[in-house]
Amino acid sequence: MHYKSKHHGFSLVELSIVLVILGLLTGGILTGQSLIRAAELRGIVADHQKIIAAIKTFQGKYFALPGDMNNATAFWGAAKSGGGCDTTTAGTGTQTCNGDGNGTIANPAGAGQYGEIYTFWQHLANAGLLEGSYTGMAGPSSSQESLIGTNVPKGRVSDTYWFTSSCCSGGGTSFYQPNGYGHNLRYFGSNWGKPLTPEEAWNTDQKIDDGRPAYGKAVAGVWQNCTTATAWNQLDVSYNLTSKDQNCNLFFPNAF
């Protein structure tokens with residue numbers, strides 16, 4: 001007597017249906033990731049505008065730059081008697097230190113110390129113009145150690161942050177920005193990293209400015225691989241749009 005086997009393979013139709021479903025799922029995931037990334041990149045532009053507006057509002061209210069403000073402790077309390085910025089003892093709540101009022105944003109004297117590049121964000125938050133709470137102090141390893149969400153604000157793209165400084169008065173052969181950087185904002189990846197592809201940097205630059213990496217309101221923060229330059233002092237170059245690697249961060253010179 002012969003018995004029919006109860007075991008059988010998938011038919012071609014069944015296999016086709018499975019493959020179609022897998023394709024749709026994969027396509028949906030990739031599309032979702034692309035949409036999330038696009039939203040994050042738009043967030044760079046939105047955050048840039050929000051920070052600039054916050055700085056201008058601060059200046060209009062307190063007649064000083066955040067961080068450089070020499071009477072900040074009168075509003076928010078002193079982390080050290082006298083309000084000096086040489087303390088390594090963190091304040092509580094809004095307690096901060098005064099800037100020197102000289103019109104520039106200065107670095108801390110050392111690791112773990114207060115400094116204007118970090119009280120900059122603390123003062124903006126204390127004034128209610130920036131979300132978050134910031135220590136006003138450099139990280140424990142160096143005078144410019146930025147700790148995302150602790151002493152600098154977090155960016156929209158994963159592991160990114162905003163930074164500020166007063167830097168560089170040079171010209172076209174000394175710096176990428178012909179008029180220098182002045183009071184600038186910078187958008188970095190973690191540990192001064194490069195979070196953007198050249199196309200993403202170009203896209204952001206185009207939304208804020210002119211899409212040229214060496215000129216205007218937005219410039220490439222690194223030169224090699226991010227742009228088509230073959231020498232550091234070449235300015236009439238473009239973003240290296242053929243590269244898909246994350247080789248770029250952005251500077252916003254003379255931002256305020």
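Suppose a student asked you for the relative contact order of region 42-252, using Cα pairs under 8 Å spaced at least 6 residues apart; what percent would you report?
14 percent
Sorting check: for 58-65, 96-103, 33-40, which peptide has the highest mean count of neighbouring beta carbons within 10 Å, and how do the rest follow?
The densest-packed peptide leads the list: 96-103, 58-65, 33-40.
Efficiency by 1/(1 + (r/R0)^6): what FRET value for N191 and S16, r their Cβ-Cβ distance, R0 = 35 Å, to the nearest 0.05?
0.15
If eta is 0.890 mPa s and T is 25 °C, what Stokes-Einstein diffusion coefficient results for region 42-252, Kirkwood Rh from Cα pairs, in µm²/s?
140 µm²/s
With a Förster radius of 25 Å, plug the Cβ-Cβ distance of N102 and S142 into 1/(1 + (r/R0)^6) and report the FRET value to the nearest 0.05.
That gives a FRET efficiency of 0.60.
May I ask you to compute the full-extension gain from S133 to T242, defined as 0.36 nm times their residue separation minus their alpha-carbon distance, rounded to one decimal in nm?
35.3 nm
Count charges around G101 for me, please; just the other residues with Cβ under 14 Å from its Cβ, Lys/Arg as +1, Asp/Glu as -1.
Net charge around G101: -3.
Let me make sure I get this right: for region 104-162, a, b and c are the square roots of the gyration tensor eigenvalues over alpha carbons, sorted descending. Under 1.5 in a/c it's rounded, otherwise prolate if a/b > b/c, else oblate. Which is it?
Oblate shape, in that a/c is at least 1.5 and b/c is the bigger or equal ratio.
Please compute P(r) over all alpha-carbon pairs of region 203-256, binned at 5 Å starting from zero, and give each bin as a whole-number percent.
Over region 203-256, the share of Cα pairs per 5 Å bin runs 4, 23, 32, 27, 11, 3, 0 percent.
A short reminder: the numbers here are calculations on the coordinates, not readings from a lab. All figures in this text were calculated on a predicted structure; none of them were measured in a lab. Quick reminder, even Gly has a Cβ in these numbers, built from the backbone with ideal geometry, and neighbours come from all protein chains shown.
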